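Report on the structure given below.
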Amino acid sequence: MTKVGVGIVGSRFQADCIATSVQALPDEAEVVAVASPSPGNAAAFAERHGVPSSYTDHREMLRDPRVEVISISAPNYLHARITIDAARAGKHVICEKPLCITLEEADEMIDACSRAGVLLLYAEELFFAPKYVKAKQMADEGAFGRVHLVKQGEKHSGPHADWFWDVKQSGGGALMDLGCHGIAFCWWFLGKPKVKSVYAQLSTQVHANRTEGDDEAITIIEFEGGAMGIVESSWNRPGGMDDSIEVFGDKGQTYADMLMGNSLPTYSEVGFGYAVEKASSTRGWTYPVFEEHWNYGFPQEMRHFARCVRGKETPISDGETGRVVQEVLYAAYASAGRGSKITLPFRPTGIARPIDLWKRP
Ligand SMILES: NC(=O)c1ccc[n+]([C@@H]2O[C@H](COP(=O)([O-])OP(=O)(O)OC[C@H]3O[C@@H](n4cnc5c(N)ncnc54)[C@H](O)[C@@H]3O)[C@@H](O)[C@H]2O)c1
């Protein structure tokens, strides 16, 4: 069979990552088109990655018969609209995290894709990160006995683009942006159990001049069966991206530092080109990582999704995964707003964006 034709929506940070990741494992998929609204950006992206077609409107790209699946790398508030447009055009959808802004949007996206008979794939790359996959394999083999606590942290110095800081476009702060990874991770690691309750402590410690959003978030999740997840998310850690996990059971534990644990401890007085995502400097002591996209799991994720489109594999991360994460995000913001634990199911209606549950409880 031919390679799956991928159309990318967006032409900056994550779009570059997706194009490079598809090219890293080119046996199953190829990027055939890109759509991005700013004049010249899609064309420049196409030139940069050798993509044959570029568009300034994603709806135009959806008419391109070579595009079988779109990868949405646009700001969060656009995910639902673009997904529904794609489903109506009969295209499969890979949606970047978080799935969307509201739970109603999550329902509409899942419904639109199911009616159209297309896949809605939720791009949680931590399910494919080699170190984390190894940790889960060991846990599933029983290496740690009964796992009762899973911790995940993702921390950096704050997002690269202005829209992340504007909660109207992003839906929330560090919890929404980074906590969505940890929520998905703990749930997946433990075998996708029901979430029983959520408690969160949120604050804006450093960036109050720039955002209404939370820049520090600690979320505690209680799962059916009693295991706990702890998710730490921060926009206040200079020095480059930090992503790590800890897993504890009655017979053992494991620790994995995805990036610094795979880096070259380096000292340079003059600096060099690039160390790791969000590192502002390469002088002094730094931790340059090799095969960064591979360590995150992006090429492996895109290969899995392409194989799902061809019916060769069953999605391990779909719209339902995104909706579970969305409900926990709602519960976490509401918990911080009320100062108490929230039990699930938790589906308040008419919420414009998750962060409102914290700011206007
Ligand atoms: N999985 C991950 O680890 C990861 C990492 C970074 C970003 N993301 C997610 O990817 C998405 C994009 O983030 P980013 O960092 O690439 O942001 P970015 O600001 O770097 O890029 C956003 C792109 O979307 C384009 N865009 C804006 N309006 C559009 C529209 N109407 N139609 C089509 N394109 C439009 C912009 O022109 C830009 O090219 C976000 O949802 C973000 O949360 C995921």
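Taken together, the values in this text are just the output of simple stated rules run on the coordinates, not laboratory data. Worth saying up front: this structure is predicted, and the values here are computed from it rather than measured. For neighbour counting, all protein chains shown are included, and Cβ atoms are generated from backbone atoms with ideal geometry for every residue, glycine included.
Scan the range 278-302 residue by residue and report those that are among the hydrophobic types (A, V, I, L, M, F, W, C) and buried (at least 18 other Cβ atoms within 10 Å of the Cβ). Break it down into steps so the answer makes sense when it comes.
First, the residues of the range 278-302 that are among the hydrophobic types (A, V, I, L, M, F, W, C): 279, 285, 289-290, 294, 298, 302.
Residues satisfying the conditions are 279, 289, 294, 298, 302.
Anything in the range 31-72 that is among the small types (Gly, Ala, Ser) and crowded, with 24+ Cβ neighbours inside 10 Å? List them, or say none. Spell out how you get there, then give the answer.
Residues of the range 31-72 among the small types (Gly, Ala, Ser): 33, 35-36, 38, 40, 42-44, 46, 50, 53-54, 71.
Scanning the range 31-72 gives 33, 35, 36, 42, 71.
Out of (1) more than 20 Å from residue 294 (Cα to Cα); (2) surrounded by fewer than 24 Cβ atoms within 10 Å (Cβ to Cβ), the odd one out for residue 16 is which?
Failed condition: (1).
Taking the options 105, 212, 124, name whichever one is buried (at least 16 other Cβ atoms within 10 Å of the Cβ), in contact with a Ser or Thr (Cβ under 6 Å, 6 or more places away or on another chain) and of a type outside the set (Phe, Trp, Tyr).
Among 105, 212, 124, only 124 is buried (at least 16 other Cβ atoms within 10 Å of the Cβ), in contact with a Ser or Thr (Cβ under 6 Å, 6 or more places away or on another chain) and of a type outside the set (Phe, Trp, Tyr).
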